[in-house]
Every structure is written in structure tokens, then in C-alpha cells.
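The values are calculated or read from the model by the stated rules, or taken from the named source; none is laboratory data. From a predicted model like this one, the values you see are computed outputs, not experimental measurements. In this analysis, Cβ positions are derived from the backbone assuming ideal geometry, glycine residues included, and neighbour counts consider all displayed protein chains.
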Amino acid sequence: MGDILHWSQTKSEDFLGREEMKTKNPWHRPWIICISVFFVAGIIAMVVVAVVQNKPLHQKYKYGIVLDAGSSHTSLYIYQWPAEKENNTGMVQQKLACNVKGKGISSYSPEPKKAGESLKECMDKARDTIPNHRHHETPVYLGATAGMRLLKMENDTASEKVLESVEQFLQTYPFSYQGARIITGQEEGAFGWITVNYLNDYLRKASGTLGALDLGGASTQITFVSGQNLESPDNSIDFRLYGNDYQLYTHSFLCYGKDQVLKLSLANEIQSTNQQLTDNITLQDPCFHKGYKATKTFEDVFNSPCVRGLRLTQNKFVHVGLGDGEACHAAVRKVFNDSRCTHSTCSFNGVFQPPVEGKFGAFSAFYFVMNFLNLTSYPLDVAKEQLARYCATPWNTIIQNHPNVKEKYLSEYCFSGTYILTLLEDGYNFTSKNWKDIEFIKQIGDSDAGWTLGYMLNLTNMIPAEVPDTPPLPYGGYVTLMVLLSLMILVLGLLACKVFRRPTGSTQKEII
Ligand SMILES: Nc1nc2c(ncn2[C@@H]2O[C@H](COP(=O)(O)OP(=O)(O)OP(=O)(O)O)[C@@H](O)[C@H]2O)c(=O)[nH]1
Ligand SMILES: [Ca+2]
């Protein structure tokens, strides 16, 4: 037994001796080399993964152009989105907004050729903004709204000529022209709703949506998801977006944009005056400031299919302001007809409308006017008091306080503010309780609230009915997994080296 112990002891001493000798120079130990190789390989693998994944991609964008040919003016919008993420929600953003100088295209009906030419400056800007190699694939859409609806009502041929002029002009550009048409009020309401919910990413989250309130110069739209039975098919639109079904209530009131309602209101006052409607009658208007005085023609008021009755032409009248908020509200109230409602509930003029539900985004002139009057954050009753005070301010004080505001807009804010409060409360039946659910918005992120984005998303099929397939792992998860895998391989490699390492020279002979 002594010999065996002695032998193994000698061997082990011998082994240890050599082993100790080796520790002085580790590179003689294969298992350390093995570990080092794995360690370096693991680090390189992780660095390569990190670099490859994080290498700044030269983002490739696609573009779309939509022209909003409104009654008062035309705006051009350029939208952009990452080329490889067309179907992801929330990826399309506004890159440029260009307000076309001059009035809306319907105002060119006497000289239709000028309608197309009026778009030149903004279209040139679009051509300079979008990279040349993208021009051929960039769709261009023009949608005309209430101003052209009214022109078509009055003179179909004239409206066709204006659209032809616009169409010919737009086709002189290197983009992918997709058409110019008059969109319906329903479309205008529904696409405005899509825009505000897309930009807020509510369509994908399906966690409740935002109603849309749009006030233009010639029409106004209300659109929201209603849980009620929608009694009139004309006011109901069904959408399936990102795997969710929406039943929308929508209505567009033609002639209830703020410019046309002003004509309606003035026509009512002119027709109710007991003065002979000859030249230079004086019209006392509570919706205009005390001290305001302007000579206008009846043509300015009666040159619209929205205004029935008198079709007086060049006769003049003197428009004088009284600055009386209460009387202004009473005057504006007259443009709403509450007499007949054949449905369970109506807004006004016999139009079906379920009770408003949820939160709303109010944009376009709702925003322009309420923001100017600084009424966007007050409860309803305080807003009314503030507005009455503003209307009672003398005209020369108003001008002194706002030297840089266009006089056309400045003179009408008392009327427009009164119309907005009356439309929302008496028309749509908002109350002081749910007033806080209305948010007056111009943009969401960097994109304007309005129908144009929703219109383009719909026509380019960028809002799929079903949720698009997404990679099994979000980007962060992917990188984490790669790092963990690399670490695991590293650890396994280290263990492998340790476990299978073979000591040199010291072959343990079988001890017999
Ligand atoms: N105060 C103010 N008013 C504006 C501004 N831009 C437009 N408006 C006025 O607000 C009203 C509505 O403007 P828009 O929403 O562009 O109306 P529109 O699209 O021309 O009209 P619709 O065809 O009925 O939609 C019009 O009376 C415009 O004159 C602005 O920047 N400030
Ligand atoms: Ca508009």
C-alpha cells in the first residue's frame, strides 16, 4: 500500500510541480487559451450585433401631397413616412404646410384658368422639398370642400371648369397625379376623425377615440363614435381599422361655416329691418363692436346659395356695430331652426344627432377663433362672460390692441365667437358639464388637424383593416436576447474549457 501511495504522491508532486511551474506562464495551459478564445469571440459577437443593429440607417422616406381646396383658401400638405413602415400606425407625419395665396378655387369661376395657376407657388415648393428620385411615386390628391359644393349647386359647368383647370395644372408636375374632386361632407367629417385618431395613435390602442369638430368658412362637421342606434343611414359610417370596428355618427352642415353663417345672419337682419331696402340703409348689428362702421353691398351678403330671399345686387348698406353680446347671441340663434325633429334626438334643422359622447378635438376655425379670443380653457359660462366683455369693447380699442390682425378677421371675432358657443351649446347640445371634453386644437404633434391626412391614409391604404403582422420581438427585446445568447455561449464556452481541460503530462496511469 505504501508503494502505491508513494507512487501516486510522487506523481501528484511531480504533476503539481509541473503544474506549479506552468502557472508561472498561463499560456501554456490550453484551457486558458480556450477560455480566452471564447471570451474574445463572445465580445466580438456582441459588438458586431450591436454595431450592425445600431448602425444609423439612412432613413428612406416616402411622400404624399394633399391639397385642401377650401371655400376661403387652399392649403397644400406634404406628408412623409418611413418607406419600410407604411402599415405601421402613427408613422405618417406632416413635413410641410403651404397656404396658397388668394381665395378658394371656387372664387376663380369667372376665370377658371387662374384656379390652377393659383397653386403654382405651393406646388413649386413641394417639388423643391421632395427628393427628385421620389417625385414619380409621390401621389398628389386635391379635395375640394364646401366652397366648391356651393359653386356646383349654383353652376355645375363653372365648377367643372375650375376642376379641369386645377387638374391640368397639377399634371404639369412630375408627381403621380391621383385626381381632383369635390369630397362629400360625410367624407370631410370622417377623414377629419381618422386624422385626429391616427395622430393620437388611438386607432391601434383601441382605448377610446376622439370626436372631431371641424369649422370651415362654408360648412361645419361633427363626427364621433356613438353607442346609440344611428337612426339615419346618411349619418352613419362604419369603419374597420386595425382590427377594430367603429360605427361613426357624422354630419356636415353646408352653409354653417362661419363665413356663410355671417351672411345668413346679416340677411336675416336686413330682411327684418323695417327700412325700405334702398341704398344706404343702416344696419345696426349687435355682433360688431360699437364704433364699427363700414359700407357694404347687398351683393356681399346675398351672393351665396346659402342665403335665400332677396337677391339684391349693388345696393349699398351701412353696417354699424352695437357691441351687444346678448343681442348677438339672440341674432345668431335665429340661424338654427329647431322646429321640426322627426328623430329621437336632433341637433338642429331637423338633423338626427345622438347625444355627444366622449372627448372631442375642435379644429380649423374652432381653433383660430377661440384661440384668438383666449377662450380655449374656460368653462362655458366663463367663456360666455369673457366673450360678452370682448364684444362690448369699442372698435377703436380692438384695433389698437391688435394692430397686426387682418381687419376682415378682426371685425368678425365677436360674431364668430358667439356663433361657435351657440353652435356647440344650442346646436350640438354640449353642456357646461361636458364642455371640458372639448379640446381646441390646431395640430397634433407637428401635423395639422384636418381631413387631408385621413384622406391620404385611406386612398393609399395605409390604415389596414387588420392589425399588420409584427416581428415576434420588439427591437429592444431582440437586442436583449442577442446579448443574453452571447453571454450564455460565453459562459458555456468557459465551462466547457474548465470541465474538459486536460492537465499536460500527468496521465494518471491506472493504479493497479
Ligand atoms: N383668424 C383666423 N382665421 C382663419 C385663419 N385661417 C383661416 N381662417 C378663417 O377661418 C375660416 C375657416 O378656415 P378654413 O378651415 O380654412 O375654411 P375652409 O377650409 O376654407 O372652408 P370649408 O371649405 O368650409 O372647409 C375661414 O373663415 C377662414 O377665413 C387664420 O389663420 N386665422
Ligand atoms: Ca376646411
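A compact table of results
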| quantity | calculated |
| --- | --- |
| Residue in the stretch 499-510 that is part of a helix (DSSP H, G or I) and either modelled with pLDDT of 75 or more or among the small types (Gly, Ala, Ser) (or both) present | no |
| Test for Gly147: is it away from ligand 1 (no atom under 16 Å from the Cβ), in contact with a strand residue (DSSP E or B) (Cβ under 9 Å, 6 or more places away or on another chain) and modelled with pLDDT of 95 or more | no |
| Considering residues of the stretch 447-473 that are of a type in the set (D, E, K, R) and modelled with pLDDT under 95 only, the residue farthest from the chain's Cα centre (by Cα) | Asp469 |
| Residue check for Tyr419: modelled with pLDDT of 95 or more and among the aromatic types (Phe, Trp, Tyr) | yes |
| Residue within the stretch 406-416 that is assigned to a loop (DSSP other than H, G, I, E, B), within 13 Å of ligand 1 (Cβ to nearest atom), more than 30 Å from Gly64 (Cα to Cα) and of a type outside the set (Gly, Ala, Ser) present | yes |
| Residue in the stretch 209-225 that is surrounded by the fewest Cβ atoms within 10 Å (Cβ to Cβ), counting only those that are among the small types (Gly, Ala, Ser) and within 15 Å of ligand 1 (Cβ to nearest atom) | Gly217 |
| Enumeration of residues in the stretch 222-250 that are within 15 Å of ligand 2 (Cβ to nearest atom) and without any contact (Cβ under 8 Å) to a residue 40 or more places away in the chain | Thr223 |
| Test: residue in the stretch 397-406 that is more than 18 Å from Gln260 (Cβ to Cβ) and either touching an Asp or Glu at 6+ places or on another chain (Cβ under 6 Å) or among the basic types (Lys, Arg) (or both) | yes |
| Residue list for the stretch 394-412, filter: out of contact with any Phe, Trp or Tyr (no Cβ under 7 Å at 6 or more places or on another chain), closer than 23 Å to Gly102 by Cβ and touching a residue at least 60 places away in the same chain (Cβ under 8 Å) | Glu412 |
| Residue that is nearest to Val166 (Cα to Cα) [pool: residues in the stretch 96-136 that are touching a residue at least 60 places away in the same chain (Cβ under 8 Å) and aliphatic (A, V, I, L, M)] | Ile105 |
| The stretch 165-197, residues that are among the aromatic types (Phe, Trp, Tyr) and either within 16 Å of ligand 1 (Cβ to nearest atom) or modelled with pLDDT under 95 (or both) | Phe191, Trp193 |
| Enumeration of residues in the stretch 141-163 that are more than 16 Å from ligand 2 (Cβ to nearest atom) and of a type in the set (A, V, I, L, M, F, W, C) | Met153, Ala158, Val162, Leu163 |
| Filtered residue count, the stretch 100-140, keeping only those that are within 16 Å of ligand 2 (Cβ to nearest atom) and in contact with a helix residue (DSSP H, G or I) (Cβ under 6 Å, 6 or more places away or on another chain) | 4 |
| Residue within the stretch 438-452 that is assigned to a helix (DSSP H, G or I) and more than 11 Å from ligand 1 (Cβ to nearest atom) present | no |
| Single residue of Ser432, Ser377, Ser411 found to be over 29 Å from Val196 (Cα atoms), modelled with pLDDT of 95 or more and out of contact with any Ser or Thr (no Cβ under 9 Å at 6 or more places or on another chain) | Ser411 |
| Residue match in the stretch 193-208 (condition: without any contact (Cβ under 8 Å) to a residue 60 or more places away in the chain, within 16 Å of ligand 2 (Cβ to nearest atom), buried (at least 22 other Cβ atoms within 10 Å of the Cβ) and over 13 Å from Asp68 (Cα atoms)) | no |
| First in the stretch 442-470 and within 20 Å of Gly143 (Cβ to Cβ) and within 16 Å of ligand 2 (Cβ to nearest atom), second anywhere and aromatic (Phe, Trp, Tyr) and assigned to a loop (DSSP other than H, G, I, E, B), Cβ under 8 Å, 6 or more apart | none |
| Per-region count, the stretch 242-270, residues surrounded by 13 or more Cβ atoms within 10 Å (Cβ to Cβ) and more than 15 Å from ligand 1 (Cβ to nearest atom) | 11 |
| Whichever residue in the stretch 62-101 is of a type in the set (Gly, Ala, Ser) and more than 12 Å from ligand 1 (Cβ to nearest atom) and, among such residues, is modelled with the highest pLDDT | Gly64 |
| Enumerated strands (runs of 3 or more DSSP E) restricted to the stretch 233-304, each holding at least 2 residues that are within 24 Å of Ile398 (Cα to Cα) and in contact with a Phe, Trp or Tyr (Cβ under 8 Å, 6 or more places away or on another chain) | 281-285, 293-297 |
| Checking Glu187 against (1) crowded, with 24+ Cβ neighbours inside 10 Å; (2) within 16 Å of ligand 2 (Cβ to nearest atom), the condition it does not meet | (1) |
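Residue by residue, here is whether (1) within 21 Å of Phe363 (Cα to Cα); (2) surrounded by 13 or more Cβ atoms within 10 Å (Cβ to Cβ) holds:
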residue	(1), (2)
Ser377	yes, no
Leu380	yes, yes
Ala383	yes, yes
Leu387	yes, yes
Ala392	no, yes
Gln400	no, no
Val405	yes, yes
Lys408	yes, no
Gly417	yes, yes
